[in-house]
1. Around Leu76, what is the net charge, scoring Lys/Arg as +1 and Asp/Glu as -1 over all other residues with Cβ under 14 Å from its Cβ?
2. Hey, with R₀ at 35 Å, roughly what FRET efficiency would His322 and Leu183 work out to, going by the Cβ-Cβ distance, to 0.05?
3. What are the residues whose amide H is under 5 Å from the amide H of Asp253, where those residues sit 5 or more places off or on another chain and H is modelled from the backbone?
4. For region 209-221, just list the computed ³J(HN,Hα) in residue order, Karplus coefficients 6.51, -1.76 and 1.60, θ = phi - 60°, integers in Hz, with x standing in for Gly and Pro.
5. Size of the dipole of the chain about the Cα centre, Lys and Arg at +1 and Asp and Glu at -1 on the beta carbon, nothing else charged, in debye to 20?
6. If you keep only loop residues by DSSP, which GluC sites (Glu not before Pro) in region 93-188 have at most 13 other Cβ atoms within 10 Å of their Cβ?
7. Measuring from centroid to centroid over Cα atoms, what is the spacing of region 229-299 and region 1-80 in Å?
8. Label point 7 Å out from Asp44 along Cα-to-Cβ: which residues of region 66-108 have amide N under 20 Å?
Amino acid sequence: MPDPKAIEETVRLAFVRQATACRDLGSPFTAELCILASERLTTDNTVGAKILSWPGDPSPGGDSIPLRLAGALHALVLAGSDEQLGSVYPPHAAEADDLWSAIDNALRAHAAFILDRLKSAPQTNEVRRSGALLPGFLTISSLFHKPLILSEVGASAGLNLQWDHYDYRFGNKSWALKPSPVLIAPEWRGSPPPPDVPIHVASRAGCDLNPLNPANGGDAQRLLSYIWADQQDRLERTRFALAIAAANRQTVDRADAVDWLEKRLSGTHEGQVHVIYHTIAWQYLPASSKAKGEALITAAGNRATETAPLARLQLEADEQKHNGAALTLQIWPTGEKHLIGRADFHGRWVEWFGWPGLR
């Protein structure tokens with residue numbers, strides 16, 4: 001029988017760990033919220049009791065309970081459902097006691113809503129990750145000079161399926177197919193960006209276990225709620241990206257990643273390059289699903305030809321998590337694979353290594 005005290009200590013530690021991550025990623029407000037929760041959550045209300053007895057893994061790398069709670073509270077603020085809570089949320093400043101008083105009141109007044117939101121994992125669609133993806137797509141276009149078929153795993157609302165509708169600044173270099181209200185300008189490190197070559201997207205599709213529709217107000221609000229409340233630039237950028245995706249009628253398939261990949265990889269694409277890509281998503285698949293997915297992609301790579309090549313572009317955590325995520329590219333039919341860069345998990349910076357021999 002699990003020890004309730006041990007479970008509670010594990011949950012409180014998860015909030016402390018999340019606070020450190022939020023501070024490192026530029027959200028002092030969410031860091032403070034997590035620290036207060038770690039210290040002041042009690043079991044004398046239904047939400048606190050549920051959180052402090054969480055049966056699964058509450059950590060940031062598991063069920064992410066701190067972010068589930070932060071998202072639920074932010075959702076109340078965005079909807080204007082709790083005036084007291086809104087008065088202590090950014091852009092307002094508040095003392096720790098006042099902030100916690102408002103949070104504690106919300107836990108009691110909106111218990112049913114918060115408990116419902118705690119059932120679901122946080123959903124983010126960090127648009128700035130496209131700042132790492134675009135150099136990868138430019139590299140693929142430089143290598144193959146063919147139209148792209150895009151297949152994104154874990155696409156959420158499909159905002160990073162719309163990467164070619166955004167405006168980019170990489171140091172003193174800019175890229176845009178047309179003017180866009182979404183500006184992505186990461187701090188650029190390392191080698192110069194890849195050459196600017198023509199890019200044409202022939203088709204695009206994505207999958208997610210719980211896709212969000214950018215044209216649906218409730219879905220859009222849900223996505224925004226998981227963005228940290230003191231990061232106004234992320235909120236504004238995401239609102240613009242949602243509007244673009246809605247205008248382009250972007251939707252994401254509700255499907256298991258491996259089942260969806262199996263269908264996507266079974267088709268033919270003569271004269272085009274099929275690009276499988278994912279950002280901070282593959283790591284969350286069960287081990288058995290990852291193994292099957294890897295086997296499917298490898299088998300498809302073995303079937304690839306010079307006239308119908310395959311590429312896999314991924315931005316995922318590796319053993320160097322302290323230094324952002326690894327940006328890797330593998331192409332077939334050769335099977336050649338390289339680490340082409342690293343990027344901040346929220347896309348604030350990109351360190352570019354590039355594809356060997358391609359400058």
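Any read-out appearing in this document is the output of simple, stated calculations on the displayed coordinates, not a laboratory observation. Keep in mind the model is a prediction, meaning the values are calculated, not measured. Cβ: placed from backbone, ideal geometry, glycine included. Neighbour counts: every protein chain shown.
1. Numbers: positive: Arg68, Arg108, Arg117, Arg222; negative: Asp82, Glu83, Asp104, Asp116.
Residues near Leu76 contribute 0 overall.
2. Values: r = 28 Å, r/R0 = 0.80.
So, using R0 = 35 Å, E works out to roughly 0.80.
3. Gly206, Cys207, Asp208
4. Result, ordered by residue: 5, 9, x, 10, 9, x, 8, 9, x, x, 5, 4, 5 Hz.
5. Numbers: 35 positive and 40 negative charges, 207 e Å.
Value, rounded to 20: 1000 debye.
6. On the way: sites: Glu95, Glu126, Glu152, Glu187; in loops: Glu95, Glu126.
Filter output for region 93-188: Glu95.
7. Rounded to whole Å, the Cα centres lie 28 Å apart.
8. 96-108
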